[in-house]
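What follows is a single structure, written as structure tokens, with notes after it.
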Amino acid sequence: MAAPSRPWPALTALIVGYFMVVLDMTIVAVANPVIMDSLHADVTSLVWATSAYLLTFAALLLPAGRLGDHFGPKRVYLTGLALFTAASLACGLAPAIGALIAARAVQGVGAALVTPQTMAVITRTFPPERRSAAMSLWGAVAGLANLIGPLLGGLLVDRAGWQWIFYVNIPVGLAGLALAVRYVPALPAHTHRFDLTGLVLSSIGMSLLVLGIQEGGSRGWGGWTWWSVAAGLAVLGVFVAHQARTSTDPLLPLGIFRDRAFAAAALAVGLAAAAVAAVMVPLYLYLESVRDLAGTKAGLLLAPMALLAIVFVPVIALLGDRLHPRVAPVTGLALFAATLAGFALLMTPDSPVGLFLAGAALAGVANACIWPSLAVAATLRLPPEQAGAGAGVYNALRQVGSVLGSAAVGAVVASRMAVHGLPPDLAGGTGAEGGTTVPEALRAAFGSALADSVYLPVALLALGAVAAALIVRSERPAPQARPSSSVAVNP
């Protein structure tokens, strides 16, 4: 079957759903303190509202890509977007934190079904000479969603209530469904054996691992929490062994890791994604609960992070062609780590808030160095027949990093709060400027606990820089299109 003659309308329809999926990874962070107060939740339960989404998202990405091959990407995309939209309604109507966590888990299933289909349609509908421009738009949408997420979340929370960060998905989702039905082509399906055993093993292993990390901080590191972590790692080990023995259509093609550039870039992006997910919770809790900023102001304070990333992507792309492929990501990861360490030092009740604007701007430049350059380094040396598998594994590892980072920071925050003698449900009530606050006498201790937890993403970024330093130069001939334009910002 020939590629459709009008692929751009199809891509435009697909990125509506992809935009929502990425938006929901960041839009909830700014509403966390308000949700905590409204649903009478503690910090650990609150973090699960994000972890549940990221967990099902990450655990199902690999099999979702195979489902698209088996049933056709359009059919799986429509199913995922419909599920995501319905789950958004359930999130907004949730009467308790448990119901919200369950609905967010269903949202993650929908997101997992949507995401790989967007890349599959780009690959199968755009000719090679136009594919770089399509991937650039796809990546730019992710960067825009990360910019708008905290801002839109803050605006909706302040003006309409936290429920509207989910209700807003409903009209967008319905529009996305209508556009996809009209413009996305029904591409041929490829029937093959589906690795059900691999799906079960990877899902169970990841769930046990995240559960143990998440609950360890609040319930104590002993007994069943260590058992959960150990069991999760053991099951994931069995999954890897199973994939090594699966020669036909494995969920995780292990041979792809023989390429040093791919392995180093994939490890680095997983660590970077974990750091981004880990820093959101303590940073927004600090701004809204310790500094009593409304959600909109908190989002605006950090907006330069995403804005400068989008602005500097073309600059880094031009320089990237002249530099060794490890230079940009190592520089970006080190700069981002230094910036977050600076944030940790500023997280006191009376530090100059304006310094966060400067730090966010530096973090934006750092992110412009990280995400496009890692994606290019991961894919440049792969042979064409492994490009699709490489993209799927790369995205899955990035999401796994987000899951583990989100889960780990919940444990660290709870642990540091206990060290500082603070109750787990401390952040509650409405402050003078519309944010949520804590008693004046406890703000310094709460800020210190949150600052301590920021050193977790600092360490993750430092490890990511070490991994990125192992990237080797491509031995393939230079591509016709600029490699750095193939992926834009995707923090």
Within segment 286-305, residues among the charged types (D, E, K, R) and open to solvent by 20 Å² or more (accessible area, probe 1.4 Å) come out as 291, 297
Practice prompt. With the condition kept exactly as written, say whether any residue in segment 316-331 is in a helix (DSSP H, G or I), open to solvent by 20 Å² or more (accessible area, probe 1.4 Å) and over 20 Å from residue 372 (Cβ atoms).
Written response: no
Scanning segment 171-200 residue by residue, those modelled with pLDDT of 90 or more, of a type in the set (A, V, I, L, M, F, W, C) and open to solvent by less than 40 Å² (accessible area, probe 1.4 Å) turn out to be 177, 180
Of the candidates 113, 100, 89, the one satisfying the condition of being part of a helix (DSSP H, G or I), open to solvent by 40 Å² or more (accessible area, probe 1.4 Å) and touching a residue at least 12 places away in the same chain (Cβ under 8 Å) is 89
Taking first residues from segment 7-27 that are open to solvent by 10 Å² or more (accessible area, probe 1.4 Å) and second residues anywhere that are among the basic types (Lys, Arg), the pairs with Cβ under 8 Å that are 6 or more apart or on different chains are none
- Query: Hey, any hits in segment 251-266 for a residue that's touching a helix residue (DSSP H, G or I) at 6+ places or on another chain (Cβ under 6 Å), closer than 30 Å to residue 440 by Cα, open to solvent by 10 Å² or more (accessible area, probe 1.4 Å) and not hydrophobic (A, V, I, L, M, F, W, C)?
  - Reply: no
Going through segment 32-83 in order, the residues found to be touching a strand residue (DSSP E or B) at 6+ places or on another chain (Cβ under 7 Å) and of a type in the set (D, E, K, R) are 37
It is to be established whether one or more residues within segment 56-74 are farther than 30 Å from residue 423 by Cα and outside any helix (DSSP H, G or I). yes
Scanning segment 12-40 residue by residue, those outside any helix (DSSP H, G or I) and at pLDDT 85 or above turn out to be 39, 40
Pairing a residue in segment 348-366 that is touching a residue at least 60 places away in the same chain (Cβ under 8 Å) with any residue that is open to solvent by 50 Å² or more (accessible area, probe 1.4 Å) and among the basic types (Lys, Arg), where Cβ atoms lie under 7 Å and the two sit 6 or more apart in sequence or on different chains, gives none
Looking across segment 33-64 at residues that are among the hydroxyl-bearing types (Ser, Thr, Tyr) and open to solvent by 10 Å² or more (accessible area, probe 1.4 Å), the single one that is farthest from residue 253 (Cα to Cα) is 38
Those residues of segment 374-390 that are open to solvent by 20 Å² or more (accessible area, probe 1.4 Å) and either modelled with pLDDT of 70 or more or among the small types (Gly, Ala, Ser) (or both) come to a total of 3
Of the residues in segment 28-57, those that are hydrophobic (A, V, I, L, M, F, W, C) and in contact with a Leu (Cβ under 6 Å, 6 or more places away or on another chain) come to 36, 49
Notebook entry, point to check: Do we find that residue 153 is open to solvent by less than 10 Å² (accessible area, probe 1.4 Å), modelled with pLDDT under 85, out of contact with any His (no Cβ under 8 Å at 6 or more places or on another chain) and within 30 Å of residue 40 (Cα to Cα) in this structure?
Noted result: yes
Of the conditions (1) open to solvent by less than 40 Å² (accessible area, probe 1.4 Å); (2) under 28 Å from residue 243 (Cβ atoms), the single one that residue 75 does not satisfy is (1)
Among residues of segment 55-109 being over 23 Å from residue 179 (Cβ atoms) and among the basic types (Lys, Arg), the residue modelled with the highest pLDDT is 104
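For every residue, the table says whether it meets (1) open to solvent by 50 Å² or more (accessible area, probe 1.4 Å); (2) at pLDDT below 60; (3) within 18 Å of the chain's Cα centre (by Cα); (4) closer than 29 Å to residue 141 by Cα.
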{"site": "402", "(1), (2), (3), (4)": "no, no, yes, yes"}
{"site": "420", "(1), (2), (3), (4)": "yes, no, no, no"}
{"site": "432", "(1), (2), (3), (4)": "yes, yes, no, no"}
{"site": "460", "(1), (2), (3), (4)": "no, no, yes, yes"}
{"site": "474", "(1), (2), (3), (4)": "no, yes, no, yes"}
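The values are calculated or read from the model by the stated rules, or taken from the named source; none is laboratory data. Predicted model, so just to flag it, every value in this text is computed and none were measured. All Cβ positions, glycine included, derive from the backbone under ideal geometry; neighbour counts span all protein chains shown. The area values use the complete protein model at the heavy-atom level, side chains included, leaving out ligands, DNA and RNA. Shrake-Rupley method; radii C 1.70, N 1.55, O 1.52, S 1.80 Å.
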